[in-house]
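See structure below.
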Amino acid sequence: MRRGLAVLLGLLGLLTTHASQGATPPAPFQQRYGDWTVACDNVLACSAQGYRVLAPDEDEGQSDSQVQAGLWLSRDAGPQGAVHLQLHLGSRDGQDAPEGSRVDVRIGGRDFRQLPLDADLPPAIAQVLVRAMVEAPRMRLSGRDSEATVSLQGLKAALLKMDDTQGRAGTVTAWVAKGQATAARVPLAPPLPVLVPATIPTRLPADADAVLTRQLVHHPAVIQDCYLLQEAPREADRLPETAIHQIRRKEYLVLMECARAAYQTSYRLWRVKQGAKALDVAPEVLPDLQEPALDLMNAEFNAGKLSTWHKGRGLGDCGGNREWVWTASGFALRLANEAPDCNGIYGGGPGLTLWQAEVQPVPKPAIRP
């Protein structure tokens, strides 16, 4: 057994050495292990979450399967990567616990008293909790008026994936693949991409907006992409919700409502140029993690930032969001988050970050005396 572990740590150590020599970091990913989901972003910051509450017949105690509970943890890349851990326990009536609430935690026979809910734990306590959870099958949370047992099945594999991705395997900083190498062997975090915003496109006044919208709702390319117009393309008195921003003379960004669901709305975005005889209309292709983004759920374009969010179901306890910044070369992705587990918590909890970038401040014009 020891020999096998030594071989595994040796192989993982080779991966760590390869990463420290400037190899291209892996692409952002999200992966499921048992009852846990782990994600690492473009700067190797990794996060994981587990919200599966065990039913009474799966639990050693009297778990209340109707109570929402779980935990979220993250770790920044680099030798001194900060650790964040938050616990969640709802009340029996389905509401979140009041701000400032505390909880008792039991993991594998060890008790941790009066830990804060829905807030970062002190780093030293977070580290101790993680070490206790790695080898335990479950964790029990007990609050003032509710309690629940959360599955830890899959957490160890998720943390091993974190160790591997961040180049910690074989070092003293690893959570699972721990070795004797010092923290200096852990690669530095890749730098954040820096986005340089361009001049913010100007929103057209209402009268000019309406004139151009009436032309667009009859344009074949717009009708082809817009489901609402396919239903009633000539209902001029019922124009879809539209926002038009001018990029430069006779060139615009058009954001139009194009589909409605029970709990969210889909928009499409086009770049439109006014030619001498006709409008030139083309979809504005937005960069995303895998495929370009075209259908934009609950979209809004304001102050040079295009934001979207989507629900995985009507309750709003899972889904994701994106944000793009307008630059000289078009839109650039600034943020991508996912909350993949439909866990009963509105918004899905802290969620998992898959992409982040820094936005360079727009310089203020000099004030002349």
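Here, each number is a calculation from the coordinates, and none is a lab measurement. This is a predicted model, so every value here is computed, not measured. Note that we place each Cβ from the backbone using ideal geometry, even for glycine, and neighbour counts take in every protein chain shown.
Numbers for the structure displayed
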| quantity | calculated |
| --- | --- |
| Hull-based mean projected area of the stretch 20-191, where the convex hull spans the alpha carbons, in square nanometres | 10.1 |
| Label-point separation, Q127 to Q30 (7 Å along Cα→Cβ), nm | 3.1 |
| Those lysines that a straight Cα-Cα span of less than 30 Å connects to K178, excepting residues fewer than 8 apart in one chain | K156, K161 |
| Residues in the stretch 167-202 reached by a label modelled at Q80 [backbone nitrogen below 14 Å; 7 Å Cα→Cβ] | 183-184, 188-189 |
| The stretch 195-359, Cα convex hull volume normalised per residue, Å³ | 122 |
| GNM flexibility winner over the chain from Q30, Q356, Q114 (Cα, springs under 10 Å) | Q114 |
| Kirkwood-based Rg to Rh ratio, the chain, C-alpha trace | 1.06 |
| Folded to 0 to 90 degrees: helix 206-216 orientation relative to the chain principal axis, Cα | 90 |
| Y263/Q215 FRET efficiency (R0 35 Å; Cβ-Cβ; nearest 0.05) | 0.65 |
| Among H88, Q66, G34 - extreme Cα towards positive end, dipole of the stretch 20-191, charges at beta-carbon | G34 |
| Where only alpha carbons of the stretch 52-135 are counted, the Rg and the Dmax (Å) | 13.9, 43 |
| Förster radius 35 Å - calculated FRET efficiency between S329 and Q274 (Cβ-Cβ, nearest 0.05) | 0.95 |
| Longest DSSP-loop-exposure-free segment, trypsin sites (Lys or Arg not before Pro), the chain, at most 13 other Cβ within 10 Å | 1-91 |
